[in-house]
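Below: the structure, in structure tokens.
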Amino acid sequence: GAYVLQVKATDADDPTYGNSARVVYSILQGQPYFSIDPKTGVIRTALPNMDREVKEQYQVLIQAKDMGGQLGGLAGTTTVNITLTDVNDNPPRFPKSIFHLKVPETSHVGSAIGRIRAVDPDFGKNAEIEYNIVPGDGGNLFDITTDENTQEGVIKLKKPLDFETKKAYTFKVEASNLHLDHRFHSVGPFKDTATVKINVLDMDEPPVFSKPMYTMEVYEDTPVGTIIGAVTAQDLDAGSSSVRYFIDWKNDVGSYFTIDATEGTIATNELLDRESTAQYNFSILASKISNPLLTSKVNVIINVMDVNEFPPEISVPYETSVCENAKPGQVIQTVTAADKDLSPAGQRFSFRLSAEASNKPNFTVHDYRNNTAGIETRRNGYSRRQQELYFLPVVIEDSSYPVQSSTNTMTIRVCRCDSDGTILSCNVEAIFLPVGLSTGALIAILLCIVILLVIVVLYVALRRQKKKDTLMTSKEDIRDNVIHYDDEGGGEEDTQAFDIGALRNPKVIEDNKMRRDIKPDTLRFPRQRPAAEDNTDIRDFINQRLQENDVDPTAPPYDSLATYAYEGNGSVAESLSSIDSITTEADQDYDYLSDWGPRFKILADMFGEEESYNPDKVT
């Protein structure tokens, strides 16, 4: 009787004329599932609890027929497709009441060890199932989740299994609909329960250590071979096997310790130094003799205990000073101590003066009994002129066993201070300065001295530079290089062979002079040359003299260099030029040149017999 839908047919006949327009509905196909009201056309379900899981779709053929007319009842038909929609009206059901699973004891925590499934005939979200473990035997070791694709219950391991501890587990699993329809609560509980039995399979497992980690302690400098502890591992399988121990070779501390392969005892293999390494961390492996491939590992930590082997010392080097106007009992320095050893809790350091310093009336040490001490004065004033530095031996002692102590010498410098105790100067040189001369004045004096030294050095450098420039100028004067030629000559006599006085002073009266480049045998009068006029141009004069020398066989050798210069009127220098030579070739006899060897052959050819001389052949 549930309402499905309503159909309606229309008739074009006149409704006022008899029953021609009156329509009656009926079902030709679709019974006995549906029924229709003949007057209203309302379709309803004809059977209770129609199940979509049995049949989902139905085709209903409906006829509409009028009630009268001359033609005697005309009819029309239509087909209605009806689809049943799913509702959550079916609870999930397990296909069997007990599920058996076999799980190896070596299964990893979190891994899936089995699957179970409940069946729900509904569709879509109405078929989604939620699985839960009923609190009881396996609630702490196992967990179950739903596979969204298959709607299966996946059982997972929460804790490790051990066949030797427990061989089987039994627990119940409940399957229920995730989405409930309140219209069907009266039908019954929408859930089902099944029993799961898990049998643990015995597997060959590695040894198990008695502790998850071992911590040991040993004193530094313990003799080699001393046993400091042991580790223990057992084979818990049914057929128990012996265990062997060894240090993991991957650690770099294998040389410091050894382990007994059978007993598992750990001993020192070298002397340990806590100041070098305070803690060792390494791993020990245990393997079964029956199956060496099955190993287990455990971490071992060894703490090296400190032995009091270092004496305490002053923590930092102090720069201690005392004023000349210090009063007795004044604290000039507070000192602390440090120990290279690992100081235990409550370590105490004591301070005192050494025995030889206790009788001196200069300073004393006041131990504050909190690991600090103060250096106090014992005199009324100190004098830098008498003693600038004091050396104070302080003995520091610790409270560990065995007791260690050291003597530390402190240097105390005497300084000049003002009335408030502010240090003004601690330099040694300041002792010998006049009373009224301050440090600033001393610096000013030194600066003046430095400036004077710089001025003197600059002055000397300028003088030397000026002198050097003068020498260089005189050496470069071309007038000093009167004659220069490459042919070997007669030595010093060549420098007096020529007179260029006439060139330097055109008004010089030409005197009769003999050539000085050779030693004449007989005296001959020189060839006379006209004197230069006052208005003679110097260039014309020089060119005239050059032409005369070019054609004059008595001129100097052609491979010589003659330098001419004109100094002007009134020069006191005499001429060295060959222009003023008073002799000619006719006046001299040069035959002796051929006796001087091959070096003078050219000169002998030039100044020899006239018939043998050919100027064109001279180069």
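Throughout, read-outs are computed from the coordinates displayed, never taken from laboratory work. Nothing here was measured: the structure is a model prediction, and the numbers come from that model. Please note: Cβ atoms are built from the backbone with ideal geometry, for glycine as well, and neighbour counts cover all protein chains shown.
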Report summary line: Flagged as over-length at 32 Å C-alpha distance, from K102/K211; K156/K250; K55/K156; K8/K55; K39/K125, the pairs are K156/K250; K55/K156; K39/K125
Report summary line: If the chain between D367 and R22 were fully extended at 0.36 nm per residue, the gain over the current Cα-Cα distance would be 111.3 nm
Query - 10 Å binning of all Cα-Cα separations within the stretch 313-425, expressed as whole percents from 0 upward - result: 14, 44, 28, 11, 3
Report task. Would you mind checking which residues have amide H under 5 Å from A326's amide H? H placed 1.01 Å from N; only 5 or more apart, or other chain. Result -> G381, Y382
Query raised in the report: By how many nm would the segment from I228 to K102 grow when fully extended, if each residue of separation counts as 0.36 nm and the alpha-carbon distance is taken off?
Result: 40.9 nm
Query raised in the report: For S399, which sequence-distant residues (separation of 5 or more, or a different chain) have an amide H within less than 5 Å of its own amide H, given hydrogens modelled in the peptide plane?
Result: R348
Requested in this report: Could you please report the charge total around L458, scoring K, R as +1 and D, E as -1 over all other residues with beta-carbon less than 14 angstrom from its beta-carbon?
Outcome: +3
Query raised in the report: In terms of the Cα gyration tensor, with a ≥ b ≥ c the square roots of its eigenvalues, is the stretch 216-331 rounded because a/c is under 1.5, prolate because a/b exceeds b/c, or oblate?
Result: prolate
Query raised in the report: Applying 1/(1 + (r/R0)^6) with R0 = 30 Å to the Cβ-Cβ distance of S358 and R416, what FRET efficiency is obtained, to the nearest 0.05?
Result: 0.55
Query raised in the report: Around P361, what is the net charge, scoring Lys/Arg as +1 and Asp/Glu as -1 over all other residues with Cβ under 11 Å from its Cβ?
Result: +3
Query raised in the report: How much net charge surrounds E152 when only the other residues with a Cβ under 15 Å from the Cβ of E152 are counted, with Lys and Arg +1 and Asp and Glu -1?
Result: -3
Query raised in the report: How big is the convex hull of the Cα atoms of the stretch 204-243, per residue, in Å³?
Result: 77 Å³
Query raised in the report: Which FRET efficiency value, to the nearest 0.05, is calculated for A12 and H179 with the Förster distance at 45 angstrom and r the Cβ-Cβ distance?
Result: 0.35
Query - Segment E313-V42, length gained on full extension (0.36 nm per residue, minus Cα span) - result: 86.5 nm
Report task. Quote the FRET efficiency, to the nearest 0.05, computed for L236 versus R93 with a Förster distance R0 of 45 Å and r equal to the Cβ-Cβ distance. Result -> 0.60
Requested in this report: Give me the lysines in straight-line cross-link reach of K466: C-alpha distance below 19 Å, same-chain residues under 8 apart excluded.
Outcome: K475
Query raised in the report: Please identify the trypsin sites (Lys or Arg not before Pro) of the stretch 25-67 that satisfy two criteria: DSSP loop assignment and at most 13 other Cβ atoms within 10 Å. Which are they?
Result: K39, K55
Query raised in the report: Rg and Dmax of the stretch 98-201 over Cα atoms: what are they, in angstrom?
Result: 15.2, 52
